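Contents: one structure, followed by commentary.
Every number here is computed from the coordinates shown, using simple stated rules; none is lab data. Because the structure is predicted, anything quoted here is derived from the model rather than measured. Backbone-built Cβ (ideal geometry, glycine too); neighbour counts: all protein chains shown.
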Amino acid sequence: MRILAFLWICTLAVGGCASFTSSKRSADACSQAASSKPFRSAESVALAGKYELTLISQWQDERGKLVRGQIELWAPDTLFQHYEPSWYAKYDSKSPGLRLLPKDSITTWMKVPTWRPLIGVVDIDLTVVSVPMSNQLKSRDPFEPGVRLEGSSLQLAPVRLGFLRLDGSSAALTIERTWIGGFSGKWNTSGWGVVIRNGREVPDPEGTFCARRVYGSGLLIGDASSTLAT
């Protein structure tokens, strides 16, 4: 009789027992290390390495849904950390219009106040948590890497260095806490349009994440054996 009563209560509860189980599984998937501390950008370089990445959705009816993948971070050349390229050729009376230079022809770089200590690649199915996918996520090109860290924001498929994003959507992981074995925080998406769900406008997808360092040989980005859990 008690079992039936418990099932009846779960049915009435928001999300039911399934939501409770999903939330508990999500909490277990990203349980925080007791030794974690607030993230400081001065320690960014120490985050270089390979990690198992877990994204957990806190969005609408997908709350508690999670996906796992891999992320690798490294420090690019100092030029890419502190400078931005000037992509356009100098004014030429023979060609008065703006002319975009190829990457190997750039000779002018401008120092910027921001610091971009890490770039990297990601292998994860973002569509599981309703985030648009991009082939750029696996790019090792320092101009257009799969991810780029700026401040506490780990940008996914960031805009080409020196450019501004004027359309489309973007996603980023905001690092809040770190420990010797990883880091964690919140993720969010943003765009110029609106998200419509079941005929009504809803906020952009968002959630939490954690990255656990892989020691030894680590995971190979692009390996078909990447793990996904939903």
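General remarks:
- From least to most packed, judged by other beta carbons within 10 angstrom and beginning with the fewest, Phe39, Phe143, Phe163 follow the order Phe163, Phe143, Phe39.
- Legend: calculated FRET efficiency, Ile180 to Trp115, from the Cβ-Cβ distance at R0 = 25 Å, rounded to 0.05, equals 0.65.
- Fewest-first ranking of Val159, Val67, using other Cβ atoms within 10 Å as the exposure measure: Val159, Val67
- Full extension of the chain between Ser31 and Ala48 gives 4.0 nm of extra length, using 0.36 nm per residue less the Cα-Cα distance.
- Amide H partners (placed H, <5 Å) of Thr174, local residues excluded: Leu154, Lys186, Trp187, Asn188
- Fewest neighbouring Cβ atoms within 10 Å first, the residues Lys138, Lys65 line up as Lys138, Lys65.
- Positive minus negative residues near Thr178 (Lys, Arg vs Asp, Glu; Cβ under 15 Å): +4
- 3J(HN,Hα) along region 138-152, derived from phi through the Karplus expression 6.51 cos²θ - 1.76 cosθ + 1.60 where θ = phi - 60°, amounts to 9, 7, 9, 5, x, 6, 9, x, x, 9, 9, 8, 9, x, 9 Hz, with x in place of Gly and Pro.
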